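**Q** Input: one structure, supplied below.
Derivation of every value follows stated rules applied to the coordinates shown; laboratory data play no part. These figures come from a predicted structure and were not determined experimentally. Every residue, glycine as well, gets a Cβ built from its backbone with ideal geometry; the counts of neighbours run over all protein chains shown.
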Amino acid sequence: MRRIFATTATGLLALAGCVTDGHRTIPTAVLQEGLPAEYHEAAADNGRFQRGVGDTAADGEAAADGEAGDGFSSRDAIGPNAPATVLAGEVTLAACLRSALANNESIAASAEDYVQALLGEDTAIAETLPDISLKATHFLEEEQDGGGFGGGGGGDFSQRTSLAVNADVPIWHGFRQVHHLRGQRALSRSQAQSMLDLRNQLALSVTEAYYTALQAERSVAVATSAVTLNDERLATVQKLVDAGAARKGELLTTRAELAQARAALERAQESLRLARERLGYAAGARIAGELATPTEPTRAALALEPLLDRALSRRPDLLALQELLTSRTEQIEFVKRERYPDVDLNANVYPLRDGSSEDVNWDVTLTAEVPIFRSGRWITTLRIAESQERQARLAIHEQRRRIDLDLREAVTEIQSSDSLLRALAEQVAATEEAYRQVKREFDAGAASNLEVTVAQTQLLAAQLDRDTESLRNSFLYRRLWTLTGDFLAADLESGVTR
């Protein structure tokens, strides 16, 4: 993780490699950690990590005024045309992931938290530096002639003017600043890991929505095949009825089955439209193209212990909690040192001074402050800090147990899915053979229309079950790698072997 040490906000943002245009600032380096080059390019396009700002000053003014421009105003977030990105042509899972990273508001808000944490480091560093100021004083006082204050004077006044350059220099504060800076750095690292975890969760959410849409497409394809087959069978039965080789009841039954298949197709198409809308919401874009089948995910031995070790060393949510614990520990040390004496130096240089101190050009004051009694505030603050540290430790313990459970469930689901896929492949082969046989018998007049209907229904159901489980199996493997702390897009695009 990149260390950021800057004394000004501008320097900080430049070192952090942030996408900024004067309105919003998002650190892209953290979001893109481990991503291929095309992800970096997509992130940089038009400041896409913050849909908020135009590329020109005019666009920025338009956005500030709530106008359309090239920017994003609060009004743009409302209504059916909110997504500015349109994914056309062949829509891949990688394209949806890129769009989600570029347009998701939660990612942008989390990045702002990270920027604030980095600025907190600057604040901690600034606490160790002197405060220098220019102080001008003009003092006016009525002169008294012995008649008492305000009484019977001659109206004369005395006045003094001074101009001083003042410096307050912290000498020793019990090393509180050191622990404050360490705590802020740990907090920055925790926020960075939280942002990576949010990125992984977003990628997983987009992937799930993508696979759901793919499954809806498969359902539409199967329903379309059912309509086509029933159309063909209706034509065949109609010919048999006309030739007197089939009963009219069979024709009516076939028509009813065709109507039922068409209704099923309508329902499948509605489900597909809804699934594409949900995918567009997750990706922050309008899905205008056809979905491409994702590349097969990396498959490896499902040994639980190596997966668990990898997750415990890489999961950003766990790493974020560990860094938060470090920050809480440093906070305890910070509070403990509030009982230490403070030593400060105050120096003044006087370029201009008159009156009785006219000849004094400078002065220095060394101050030592020893806390003696603070009405129990110190012990209360310490107890709160210790309680927060215990909370952080408990959160880590709970998260480790959650990771263990997540991986055990994921491995079990994948093993069951692998077995089910093999069984479904055998079922599809068997139903295909059965349908072909019944169809030949029906054409020869040895089988009834009902037998053909049953065989066709079994075949279509088996094919749909196989396709559904195949997509689910692919998603489960991708989810497994996310549970171990890997980012999905890196696996999809770079072909890294785990």
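**Q** Rounded if a/c is under 1.5, else prolate if a/b is larger than b/c, else oblate: which is the range 354-498, with a ≥ b ≥ c the root eigenvalues of its Cα gyration tensor?
**A** prolate
**Q** So what's Rg/Rh here for the range 308-412, counting alpha carbon atoms and using the Kirkwood radius for Rh?
**A** With Rh from the inverse mean 1/r over Cα pairs, Rg/Rh is 1.38.
**Q** Kindly give Rg over Rh for the range 147-272, based on alpha-carbon atoms, with the Kirkwood expression for the hydrodynamic radius.
**A** 1.81
**Q** When Lys and Arg each count +1 and Asp and Glu each count -1, what net charge do the other residues less than 14 Å away from Q399, Cβ to Cβ, add up to?
**A** In short, 0.
**Q** Could I ask something else about it? Using per-residue counts of other Cβ atoms within 10 Å, averaged over each peptide, order 296-308, 115-127 from highest down.
**A** Going by the mean number of other Cβ atoms within 10 Å, highest first, we get 115-127, 296-308.
**Q** Tell me which of N473, V438, Q456 sits at the most positive position along the dipole axis of the range 436-483, charges placed on C-beta atoms (Lys, Arg +1; Asp, Glu -1).
**A** So the residue we want is N473.
**Q** Roughly how many debye, to the nearest 20, is the charge dipole of the range 283-328 about its Cα centre, given +1 on each Lys and Arg Cβ, -1 on each Asp and Glu Cβ, and no other charges?
**A** Roughly 120 debye, rounded to the nearest 20.
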